[in-house]
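Visitor: Pasting in a structure now, in structure tokens, and then I'll have a few things to ask.
The values are calculated or read from the model by the stated rules, or taken from the named source; none is laboratory data. All values derive from a computational prediction rather than experimental measurement. Backbone-built Cβ (ideal geometry, glycine too); neighbour counts: all protein chains shown.
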Amino acid sequence: MMLKYIGNRILQIAILLVIYVAIVFFLLHAMPGGIKTLLISNPKLTPQAQEAIIRAFGLNQPLWLQFVDYMKNVFTLNLGISFSYYPTPVWNIIAERLPRTVLLFTVATLIAFFVGFASGKSLAWNRGKTTEYVSTVVGIITYTIFTPLLIFVVIWFFGSFLGIFPLNQFLNPDLWIHTRLNAQIIFLYILMTMVIIGAVMLASYTIALRFSHKVITRRMIFYLSSIISVIFSIFFWWVSPVGIYAADILWHMVLPVMTVTIISYAGTMLVMRDSMLETIKEDFITTARAKGLPDKVVRDKHAARTAMLPVVTNFVLSLGFVVSGGVITETLFSWPGMGMTLLDSTLAKDYPLAAGALIFTGIFVLIAHLVVDIVYAFLDPRIRY
Amino acid sequence: MKPILELRNLKMYYDTQAGQVKAADDVSFVLNEGESIGLVGESGCGKTSVSMSIMKLLPENGRIISGNIFFDGKDIVNFSDEEMNKIRWAGIAMIFQAAMNSLNPVYRVGDQIVEAITAHEPNVTFEEARQRVANLYKLVGLDPERMDNYPHEYSGGMKQRAIIAMSLACNPKLIIADEPTTALDVIVQDTILRELEKVQKKLNMSMIYISHDIAVIAEVASRIAIMYAGKIVEMSDSVVIFKRPAHPYAIGLMSSFPSIRGEKKELVTIPGEPPNLLNAPDHCRFAPRCPFATDECWKQTPSYSEIESNHFVACFHPQNLKKLVNMNA
Ligand SMILES: Nc1ncnc2c1ncn2[C@@H]1O[C@H](COP(=O)(O)OP(=O)(O)OP(=O)(O)O)[C@@H](O)[C@H]1O
Ligand SMILES: [Mg+2]
């Protein structure tokens, strides 16, 4: 049942993806002057290069043939050559930058989700206290605030006022100038470490669920293996000669991650609070209480677990909002990911790169959508049928 | 016979913007071990409020104003939540009025019953608890294979049976069944009630049945207490109440329901509006609808009189049903 559901969702997302890519194609053709003028009217290009582009893109062919070629090219990752980084292929630029955005979003989203979930939960549970009013007001402010304004506040407070975090770039050039290390490789290693830690946590959670029915043992297994894997990876990076460079990259990540976290945190918290307040009124909560379960168990196992479902749904809906916030965040922090690429390439009229960035940002959002859908199916037994 | 539950002048009020809702006012009764009592009254008369007071699961605006609730010899009115958690389910279990929504949609039904067992008996292993649930499933007429299904895969009747199985999970001394069958069709209703009665007798548990349908209750409970507007107005053995109801409200109530066995009765409907418990008056609360009301009834609340052995009525003018029927005829 579950597999069938997941299969269906993957198929749907795949269809959406094709439609999305097609829409990008027609958007490009609908631009003033047409794609041909747009592509070749770049002063940096020599006539030979212009000729090459026209041939490579088949710009003299009929529209439908161009469309077929374009679809073929996109799905074979043949996205053309960037103007502004001539002659680097667009795909190489995207392959370098996409992981940065994925990391920024995943880390920020996970933090925002868990913090928002936990705070929304306890706000609803301890209703009527001053903390509830204060946090709700703060939540609504951060939820409705104009994103650039929020970023300026963050930059001013942490970068200038406290002066503890670096304000721009992906790394500190003064540090990296003395080495011939490739930052991208280090970054990918960091990403890999995080994936491994995540996998260990997921595996230990599944194992704990399967092999023990005692809550305490389950927790022990989960926390112990998580802590051990984190300590182990920190130790590994510590002794490795490139640890300091990894630390530099992470250090530069703190503010952008914090900003994206704040952008998506408030939504999670507010929805969780509302949903929890509704759930508490449900009859099965009264049942749980009547069973004589401790307050904490009623709150976490019964109320919060069920109240979480609308939060996940809301997350899907706010994905677009978070992405647009991410574009602004990346740009203002000069974090060279997909968001910044999207903006810069559009401003520089680097259309192949802009199209590539647009396509892959879309793919990223669609995949995030798919992941959340699958997670939701695991959370809500009613959806699987 | 040892009393398992005793309510002594229990007053439970809700605070609302409009004033106090006196949902339970001077409610008293004694329930012995192995005995069953039926609490009957029309919608809104405070039946659920009484049972929630016994479980001490009141909403934020509900308060026990005064009175005592003795369970197993101890007054639980001032018990803390932690102390109550030991009594809940292990001592007093409950079958809720809204059985359809009483199960958490995201957990397997069997696991929700196992949870109740392991919460109160930490030494029971998961497998032992599951075995016990399987036995309970058989007892209430459910296929133990369905333990691993989710609530949405159950029909209404199955959910109801599962909840009954859940209420039996910790061998409680007392079960409160708040309209355990209202959502079901008449045939299933009858079977489930009978099963419940059988189990109760077999396990020698005490039981409080709550319903607005006196005919249904009379078949399963040995004693009946009739509630009107937050007060018990008449209480006696089921047979006595059924044959010789004395309170005008009880007489009206008796006649407005056809028995599920299909016996037809003269229909004497109760005229007037159901009472409003908001800022309830100091006189007899049934007076506005009572054909026999006199000045006395509008001045003070009647106290209980024992019109025959173990038959209590709170009325200034207890009636005789036989005479009334003859008069009408
Ligand atoms: N939380 C609450 N706040 C205020 N008033 C309430 C609250 N809960 C119940 N009441 C009122 O208390 C009275 C008794 O309600 P209760 O639920 O005990 O009735 P009931 O006899 O169980 O009715 P039913 O047969 O419909 O279930 C009603 O008048 C109801 O409106
Ligand atoms: Mg009720």
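Visitor: Does A:LEU149 qualify as being loosely packed, with under 14 Cβ neighbours inside 10 Å and closer than 26 Å to A:GLY325 by Cα?
Guide: The answer is yes for A:LEU149.
Visitor: Take the conditions among the aliphatic types (A, V, I, L, M), closer than 16 Å to A:PHE284 by Cβ and not in a helix (DSSP H, G or I) and apply them to B:VAL106. Does it pass?
Guide: Yes.
Visitor: Given the conditions (1) at pLDDT 95 or above; (2) within 9 Å of chain A (Cβ to nearest Cβ), report the number of the one that B:PHE126 does not fulfil.
Guide: The one condition B:PHE126 does not meet is (1).
Visitor: Might you let me know whether the range B:2-14 holds any residue that is over 29 Å from B:ALA218 (Cα atoms) and either at pLDDT 95 or above or more than 13 Å from ligand 2 (Cβ to nearest atom) (or both)?
Guide: For the range B:2-14, residues over 29 Å from B:ALA218 (Cα atoms) and either at pLDDT 95 or above or more than 13 Å from ligand 2 (Cβ to nearest atom) (or both): present.
Visitor: Shifting gears a bit: If you go through the range B:123-135 one residue at a time, do you hit one that is of a type in the set (Lys, Arg) and assigned by TED's automatic domain parsing to the domain that holds B:CYS45?
Guide: no
Visitor: Moving on to the next point. Report whether or not B:ASP26 is in the same structural domain as B:TYR209 (by TED's automatic domain parsing), touching a strand residue (DSSP E or B) at 6+ places or on another chain (Cβ under 7 Å) and away from ligand 2 (no atom under 16 Å from the Cβ).
Guide: yes
Visitor: Regarding the range B:36-43, can at least one residue be identified that is more than 14 Å from chain A (Cβ to nearest Cβ) and without any contact (Cβ under 8 Å) to a residue 40 or more places away in the chain?
Guide: No, there is no match, as no residue in the range B:36-43 is more than 14 Å from chain A (Cβ to nearest Cβ) and without any contact (Cβ under 8 Å) to a residue 40 or more places away in the chain.
Visitor: Is it fair to say B:ASP72 is acidic (Asp, Glu), within 27 Å of A:THR306 (Cβ to Cβ), out of contact with any strand residue (DSSP E or B) (no Cβ under 6 Å at 6 or more places or on another chain) and more than 16 Å from ligand 2 (Cβ to nearest atom)?
Guide: no
Visitor: Name, by its number, the condition in (1) outside the structural domain of A:GLY163 (by TED's automatic domain parsing); (2) within 30 Å of A:TYR133 (Cα to Cα); (3) not hydroxyl-bearing (Ser, Thr, Tyr) that does not hold for A:GLU278.
Guide: Here A:GLU278 meets the rest and fails (1).
Visitor: On the given criteria, is A:ALA354 surrounded by fewer than 18 Cβ atoms within 10 Å (Cβ to Cβ) and either in contact with a Ser or Thr (Cβ under 6 Å, 6 or more places away or on another chain) or polar (S, T, N, Q) (or both)?
Guide: no
Visitor: Which pairs do you get when a residue that is in contact (Cβ under 8 Å) with a residue 24 or more places away in the chain, found in the range A:86-112, comes within reach of a residue that is surrounded by fewer than 18 Cβ atoms within 10 Å (Cβ to Cβ) and hydroxyl-bearing (Ser, Thr, Tyr), reach meaning Cβ atoms under 9 angstrom, with the pair 6+ apart or on two chains?
Guide: So the pair list comes out as A:ILE93/A:TYR85.
Visitor: Please verify whether A:VAL312 is crowded, with 17+ Cβ neighbours inside 10 Å and within 14 Å of chain B (Cβ to nearest Cβ), treating the condition exactly as stated.
Guide: The answer is yes for A:VAL312.
Visitor: Before we move on, is A:ASP344 surrounded by fewer than 23 Cβ atoms within 10 Å (Cβ to Cβ) and under 30 Å from A:ILE93 (Cβ atoms)?
Guide: So A:ASP344 passes the test.
Visitor: Restricting to the range B:50-102, give me the number of residues that are outside any helix (DSSP H, G or I) and at the interface with chain A (Cβ under 8 Å from one of its Cβ atoms).
Guide: 9
Visitor: Could you list, in sequence order, the residues of the range A:68-117 that are closer than 22 Å to A:VAL254 by Cα, over 13 Å from the mean Cα position of the chain (by Cα) and surrounded by fewer than 17 Cβ atoms within 10 Å (Cβ to Cβ)?
Guide: Within the range A:68-117, A:PHE114, A:VAL115 meet the criteria.
Visitor: Would you mind finding the one in A:PHE158, A:PHE187, A:PHE165, A:PHE211 that is touching a residue at least 12 places away in the same chain (Cβ under 8 Å), out of contact with any Ser or Thr (no Cβ under 7 Å at 6 or more places or on another chain) and over 20 Å from A:ILE263 (Cβ atoms)?
Guide: From the options A:PHE158, A:PHE187, A:PHE165, A:PHE211, the qualifying one is A:PHE187.
Visitor: Here's something else I'd like to know. Given the options A:SER212, A:SER233, name the one that is modelled with pLDDT of 90 or more, hydroxyl-bearing (Ser, Thr, Tyr) and over 18 Å from A:ALA108 (Cα atoms).
Guide: A:SER233
Visitor: For residues that are among the aromatic types (Phe, Trp, Tyr) and either modelled with pLDDT under 95 or touching a helix residue (DSSP H, G or I) at 6+ places or on another chain (Cβ under 6 Å) (or both), tally how many sit in the range B:48-78.
Guide: Of the residues in the range B:48-78, 0 are among the aromatic types (Phe, Trp, Tyr) and either modelled with pLDDT under 95 or touching a helix residue (DSSP H, G or I) at 6+ places or on another chain (Cβ under 6 Å) (or both).
Visitor: Determine whether A:SER264 is farther than 30 Å from B:ILE92 by Cβ and within 14 Å of another protein chain (Cβ to nearest Cβ).
Guide: No.
Visitor: Among (1) within 16 Å of ligand 1 (Cβ to nearest atom); (2) in contact with a strand residue (DSSP E or B) (Cβ under 8 Å, 6 or more places away or on another chain), where does B:ALA99 come up short?
Guide: Of the numbered conditions (1) within 16 Å of ligand 1 (Cβ to nearest atom); (2) in contact with a strand residue (DSSP E or B) (Cβ under 8 Å, 6 or more places away or on another chain), the odd one out for B:ALA99 is (2).
Condition check ((1) over 24 Å from A:LEU319 (Cα atoms); (2) modelled with pLDDT under 90; (3) not polar (S, T, N, Q)) across all residues:
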residue	(1), (2), (3)
A:ARG9	no, yes, yes
A:VAL21	no, yes, yes
A:THR46	yes, yes, no
A:PHE105	no, yes, yes
A:GLY116	no, no, yes
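Visitor: Would you check which residues across the range A:368-383 are more than 14 Å from chain B (Cβ to nearest Cβ) and farther than 17 Å from A:LEU342 by Cβ and list them?
Guide: Matches in the range A:368-383: A:HIS369, A:LEU370, A:VAL371, A:VAL372, A:ASP373, A:ILE374.
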